[in-house]
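Take a look at the structure set out below.
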Amino acid sequence: MMTNTKMSIFNRYVDPQTKSITFKKHIIDNVYWDDRKEVNQDKGHNKDNSVQIFIPKNKNDLSSYVKPSSYDGTNWTINTGDFIVKGVVEAEKVDKISQLVDAFTVTFVDDKDYGSSNMQHFEIKGE
């Protein structure tokens, strides 16, 4: 599977002591990123921004990856509601998506864990 960039993912985390919500960053080194930034001409200036991402498992270190139900803030996961940004972002934590430039919110995640190791990947969609 081809890749074309790195990606920053910000996982939603609720601090057990303060109950505050924050998003913690993890860098994924090899992803295929395909985003669309469109203007809908029929409805004026409304934008239709979306992204589809493929993360090949055999080209990334998944040793600290956990399923969303096991995420505790010390590892990383992929879950709906997380924030994703193409490339490497400097910030380690954010409180809201408006603190990021050109960010998307994850709306769909599918773990494609069948076939050979060259075929296994995560598929992510975001808006």
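Out of 79, 58, report the one residue that is closer than 23 Å to residue 4 by Cα, at pLDDT 95 or above and assigned to a helix (DSSP H, G or I).
Values: 79 fails: assigned to a helix (DSSP H, G or I).
Step by step, each of 79, 58 is checked, and only 58 is closer than 23 Å to residue 4 by Cα, at pLDDT 95 or above and assigned to a helix (DSSP H, G or I).
Among the residues that make up the stretch 110-119, is at least one of them in contact (Cβ under 8 Å) with a residue 24 or more places away in the chain, in a loop (DSSP other than H, G, I, E, B) and buried (at least 17 other Cβ atoms within 10 Å of the Cβ)?
No - not one qualifying residue is present in the stretch 110-119.
Those residues that are under 14 Å from the mean Cα position of the chain (by Cα), at negative phi and not in a strand (DSSP E or B), I need them from the stretch 82-100; list them, please.
Within the stretch 82-100, 82, 88, 89, 97, 100 qualify.
Any residue in the stretch 84-94 that is among the small types (Gly, Ala, Ser) and surrounded by 14 or more Cβ atoms within 10 Å (Cβ to Cβ)? Give the derivation first.
Taking the stretch 84-94 as the starting set, the residues that turn out to be among the small types (Gly, Ala, Ser) are 87, 91.
Pick out the ones that are also surrounded by 14 or more Cβ atoms within 10 Å (Cβ to Cβ) and you get none.
Scanning the stretch 84-94, I find no residue that is among the small types (Gly, Ala, Ser) and surrounded by 14 or more Cβ atoms within 10 Å (Cβ to Cβ), so the answer is no.
Just one of (1) touching a residue at least 12 places away in the same chain (Cβ under 8 Å); (2) farther than 19 Å from residue 16 by Cα trips up residue 93, so point out which.
Residue 93 satisfies all of (1) touching a residue at least 12 places away in the same chain (Cβ under 8 Å); (2) farther than 19 Å from residue 16 by Cα except (2).
The values are calculated or read from the model by the stated rules, or taken from the named source; none is laboratory data. Keep in mind it's a predicted model, so treat the numbers as computed, not measured. Neighbour counts are summed over all protein chains in view; Cβ atoms, including those assigned to glycine, are modelled from backbone coordinates with ideal geometry.
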